[in-house]
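The values are calculated or read from the model by the stated rules, or taken from the named source; none is laboratory data. This is a predicted model, so every value here is computed, not measured. Note: ideal-geometry Cβ built from the backbone for every residue, glycine included; neighbour counts use all protein chains shown. Side chains are part of the model used for accessible areas, which takes the heavy atoms of the whole protein and leaves out ligands, DNA and RNA. Shrake-Rupley method; radii C 1.70, N 1.55, O 1.52, S 1.80 Å.
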Amino acid sequence: MTDSLADPFRFEYDPATVRYGPNCVSQLGSEVASLGRERALVVTGSTVGETPVVMDPVRAGLGDRLAGVFAGTTPRKRLGTAYEALSLYREADADCIVALGGGSSLDVATVLSVLVATDRDPEAVGAELVERGTLSIPESGLPPVVTVPTTLAGADLSQVAGVTADPATCPVAEPGSGAVDDPELMPATACYDPVLLATTPKGVLAGSAMNGFDKGIETLYARNSAPISDATAMRGLGLLADGLEALGAGEADERTHQRLTQGVLLVQYGISRPDGTTLSLIHALGHGLTRTYDVQQGAAHAVVAPHALSYLFDAVDGRRDLLAEALDVEDADDPAAAVVDRVAGVAAGLGLPTRLRDVDGPDRDEFPAVAEAVLADAFMANAPPGLDPTREDIVGVLEAAW
């Protein structure tokens with residue numbers, strides 16, 4: 001992959017309004033008003049919902065525009081949970097959604113927006129998810145979503161949301177999973193408050209960190225990379241790397257949280273576009289491990305990212321020089337090896353697992369099946385030019401990570 005200034009590109013992106021700043025959640029009410037809406041339902045998980053240091057400023061910021069709080073999201077991102085939220089949304093006479101928390105809450109809130117505008121019964125919606133792996137997006141009636149992230153997962157500037165369905169929680173005949181993906185699902189506003197991020201326990205931030213961090217890495221070597229997202233990803237990666245190393249060293253001060261908040265904002269800018277996402281090999285590997293096994297997504301990324309990068313750099317250029325510059329190792333004799341070492345060092349410094357055998361993932365005899373799932377993942381379509389992995393290649397990455 002080259003970096004020629006003569007290379008043409010087309011960059012189509014319709015982002016959310018972005019608000020950043022300490023205590024900026026105090027302006028949530030004005031953001032809802034700017035969307036022409038009156039009553040916002042907050043969608044979050046039970047832990048965040050029971051944490052006054054998070055909920056009090058959010059409630060105060062919304063003021064009389066707070067319609068209610070649904071505090072029932074789980075890491076499973078269940079369709080049934082979105083339907084439970086839909087009942088409260090209607091009962092509270094809400095007309096917009098505030099998604100508060102990590103990736104699970106943000107994804108469920110996005111699916112909720114689809115259900116609000118859908119006139120089909122739950123059985124038909126569940127059947128479509130199981131059969132097609134996605135849901136139809138209504139042509140109109142989607143309520144606006146305002147995202148307020150409290151982790152570093154990086155789901156707050158995205159038009160994609162994952163969802164699962166299970167007979168125990170939703171009227172479906174068999175379990176299924178998939179994702180909704182449409183430009184209309186981009187949040188209306190994303191509110192980044194470093195003071196709110198600072199309320200999140202270090203372990204939770206660390207657990208989400210590599211997911212957001214790897215978005216910046218993949219944006220640079222993605223098939224559809226562009227100078228605009230190159231610039232934001234490079235700046236974001238530098239901020240995240242420094243902030244995460246400080247967090248790992250116990251320096252959880254105001255400056256650290258500001259760097260982390262700005263970093264995760266920047267690495268996401270432009271990754272989710274009408275012509276496709278910039279996510280690629282690492283995220284496909286993460287999906288292959290987390291959709292079937294109980295390994296947490298951030299842990300999966302921490303384990304596989306260095307080995308995925310080693311494989312990538314052995315096969316193609318992978319824009320190693322840009323990555324080395326973004327991670328401040330451009331003076332190394334071997335930029336590719338220096339990038340791998342810096343990424344591995346960030347994960348290890350956060351206390352995240354470094355071996356696949358140490359997480360609730362597959363046994364080695366299951367690697368071929370995981371590899372098939374990885375190769376079938378939609379994100380593999382965005383692998384860098386020249387990279388054409390086989391099942392044996394992916395098994396090799398998993399073996400290296402073991």
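Odds and ends about this structure:
- Highest mean packing comes first when the peptides 293-302, 99-108 are listed by Cβ atoms within 10 Å, giving 99-108, 293-302.
- Accessible surface calculations at 1.4 Å, restricted to protein heavy atoms, place the range 34-89 at 46 Å² per residue.
- Residue by residue, the range 11-21 carries 3J(HN,Hα) couplings of 10, 9, 7, 10, x, 6, 5, 10, 10, 10, x Hz when phi is fed to the Karplus relation 6.51 cos²θ - 1.76 cosθ + 1.60 (θ = phi - 60°); x denotes Gly or Pro.
- In the range 1-133, one over the average inverse separation of all distinct C-alpha pairs is 16.5 Å, which is the Kirkwood hydrodynamic radius.
- Legend: calculated FRET efficiency, VAL53 to ARG255, from the Cβ-Cβ distance at R0 = 25 Å, rounded to 0.05, equals 0.80.
- Using Cβ point charges alone (K and R +1, D and E -1), the dipole size of the range 150-248 about the Cα centre works out to roughly 260 debye.
- Applying a DSSP loop filter and a limit of 12 other Cβ atoms within 10 Å to the GluC sites (Glu not before Pro) in the range 8-89 leaves GLU12, GLU50.
- Projecting the Cα atoms of PRO57, VAL195, LEU350 onto the charge dipole of the chain (Cβ charges, centred on the Cα centre) puts PRO57 farthest toward the positive pole.
- Electrostatic dipole magnitude of the range 205-336 [Cβ: Lys, Arg +1; Asp, Glu -1; Cα centre; debye, to 20]: 660
- When the helices of the chain are scored as -39500 (n - 2.57) per DSSP H run of n ≥ 4 and the total is divided over every residue, the value at 222 nm lands at -15000 deg cm²/dmol.
- Positive-end extreme of charge dipole, the chain - chosen from LEU66, THR150, ALA16 (charges on Cβ): LEU66
- Checking every one of the GluC sites (Glu not before Pro) in the range 129-193 against DSSP loop status and a limit of 12 other Cβ atoms within 10 Å picks out GLU139.
- Global form of the range 293-341, assessed from the alpha-carbon gyration tensor, a/c cut-off 1.5: prolate
- Each residue of the range 289-296 is assigned a 3J(HN,Hα), and the resulting list reads 8, 9, 6, 10, 10, 8, 5, 6 Hz, derived from the Karplus form 6.51 cos²θ - 1.76 cosθ + 1.60 (θ = phi - 60°), x at Gly and Pro.
- Residues of the range 223-381: accessible area per residue with a 1.4 Å probe, Å²: 40
- In this structure the amide hydrogen of THR150, modeled in the peptide plane, comes within under 5 Å of the amide hydrogens of GLY101, GLY102, none closer than 5 places in sequence on its chain.
- Potential lengthening between ASP294 and ARG357 on full extension [0.36 nm per residue; Cα-Cα distance subtracted]: 21.4 nm
- Summing charges over neighbours of TYR192, with a neighbour being any other residue whose Cβ is under 13 Å away from its Cβ, gives -1 when K and R count +1 and D and E count -1.
- Only protein atoms count toward the accessible area here, which uses a 1.4 Å probe; on the chain, the carbon and sulfur part of that area reaches 47 percent.
- Euclidean distance of C-alpha centroids, the range 328-360 and the range 155-177, integer Å: 32
- Using θ = phi - 60° and Karplus 6.51 cos²θ - 1.76 cosθ + 1.60, couplings along the range 32-45 (whole Hz; Gly, Pro as x): 4, 5, 5, 8, x, 10, 10, 9, 10, 8, 7, 10, 7, x
- Under a model in which nothing but the beta-carbon of Lys, Arg (+1) and Asp, Glu (-1) is charged, the chain shows a dipole of about 840 debye around its Cα centre.
- For ALA305, neighbours were defined as the other residues whose beta-carbon sits under 14 Å from its Cβ, and their charges (Lys and Arg +1, Asp and Glu -1) total 0.
- Positive-end extreme of charge dipole, the chain - chosen from PRO389, GLY36, ALA324 (charges on Cβ): GLY36
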